[in-house]
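Please read the structure below before turning to the comments.
No value in this document is a laboratory result; all are computed from the given coordinates. A quick note: this is a predicted structure, and the numbers were derived from the prediction, not measured. Neighbour counts are summed over all protein chains in view; Cβ atoms, including those assigned to glycine, are modelled from backbone coordinates with ideal geometry.
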Amino acid sequence: MGRCLRVSKNYRVENLEALTEMFAKLDDAASESTLRQAAVSGARVIHDEAKRRVPVGDRIGTRFGRPHSPGFLRDHLLIAYDQEESVPGKLASYIVTWSSDAFYGRFVELGKRNAVPLTKRTLARAIHDIEFGSSRTPAQPFMRPAFDAKKSEAARKMAEVVEQKLMEANRG
């Protein structure tokens, strides 16, 4: 059996208001706002890489009778707050996705023959087919490779934001 050494020290606080203020600043630095800022900074790294990797066609098409230029999917990638995965005050989750204007991104990547009406059930399959291909369409992955390539850099960016907020709180 091991022995436990008990050490007790008495502390005297000279400036209780300053200590209380310091704890309040640290609480602010670890706020939900800081969590969100850190999460967005990491998501931005992945977003930028996905934009770099997204397949871009070489022909102008039409959509609703208007010209539709190559790169529309790339230009409509965005970062969105994921409310289902987030826990207020503890976890801020963001996703990199495309806007509803670029809903057809799966058609571009899968080909129209593979398109099915989108439901919760078919959306997961469509996203899988975009990343990994199907029996009719070769894979043109860009989201997973972007994440794999930049996840360490994204984690560093998030840590930098938190560290900066803690230093700001310390400076007062």
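What the table below lists for this structure:
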read-out: FRET efficiency for residue 93 and residue 52, using Cβ-Cβ distance with R0 set to 25 Å, rounded to 0.05; value: 0.65
read-out: Label-zone membership for region 32-53, site residue 168, 7 angstrom Cα→C-beta point, backbone N under 20 Å; value: 32-45
read-out: Proxy reagent accessibility, fewest Cβ within 10 Å first, across 87, 45, 56; value: 87, 56, 45
read-out: Stretch gain in nm, segment residue 44-residue 82, where the contour uses 0.36 nm per residue and the Cα spacing is subtracted; value: 12.2 nm
read-out: Estimated inter-spin distance, residue 153 and residue 101, nm [label 7 Å along Cα→Cβ]; value: 2.6
